[in-house]
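K.L.:
This is the structure, below, for whatever I ask next.
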């Protein structure tokens, strides 16, 4: 998957970009039609905290739509792991919706929606 990564108002290390790319590539196992994506890395500068909260925004482009996640953590690696977990669920849900919208496949009078045991019983009766 082709990812465009941007660190906003700071310079990110190449190791961080490689880490994010490796994690995002694993999403192909859940839905192989992801075409590309955008990743934005930001530092949340709150006045009270001494440390900056890391924000990660990911937008994945799939045929027929997009999937968006925004996560925060104490490190970019933590935020990436949280985003990957959320993206997995969203991508699987998107894939299931797409498959259900297309309807069940019909092969020789048998549909995907029928349980196999019912089909076997019908064949035995003939």
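The values are calculated or read from the model by the stated rules, or taken from the named source; none is laboratory data. Keep in mind that what you see is a predicted model, and the values were worked out from it rather than measured. Using ideal geometry, Cβ is built from the backbone for each residue, glycine included, and neighbour counts are taken over all protein chains shown.
K.L.:
Here is a list of conditions, (1) modelled with pLDDT of 90 or more; (2) closer than 28 Å to residue 9 by Cα, and residue 46 meets all of them except one; can you say which number that is?
P.N.:
Here residue 46 meets the rest and fails (1).
K.L.:
So the check is Cβ under 9 Å with 6+ separation or different chains; which pairs have a first residue in region 1-27 that's more than 23 Å from residue 88 (Cβ to Cβ) and a second one that's at pLDDT 95 or above and assigned to a helix (DSSP H, G or I)?
P.N.:
Filtered contacts from region 1-27: 7/16; 7/17; 12/76.
K.L.:
Only one of (1) part of a strand (DSSP E or B); (2) modelled with pLDDT under 95 is not met by residue 60, so which one is it?
P.N.:
(2)
K.L.:
Being in contact with a strand residue (DSSP E or B) (Cβ under 7 Å, 6 or more places away or on another chain), surrounded by 18 or more Cβ atoms within 10 Å (Cβ to Cβ) and modelled with pLDDT of 95 or more is true for just one of 76, 17. Which residue is that?
P.N.:
76
K.L.:
Now for a different question. Just to check your reading of the model, which residue among 51, 86, 66, 80 is part of a loop (DSSP other than H, G, I, E, B) and either touching a residue at least 40 places away in the same chain (Cβ under 8 Å) or more than 16 Å from residue 17 (Cβ to Cβ) (or both)?
P.N.:
After applying the criteria, what remains is 51.
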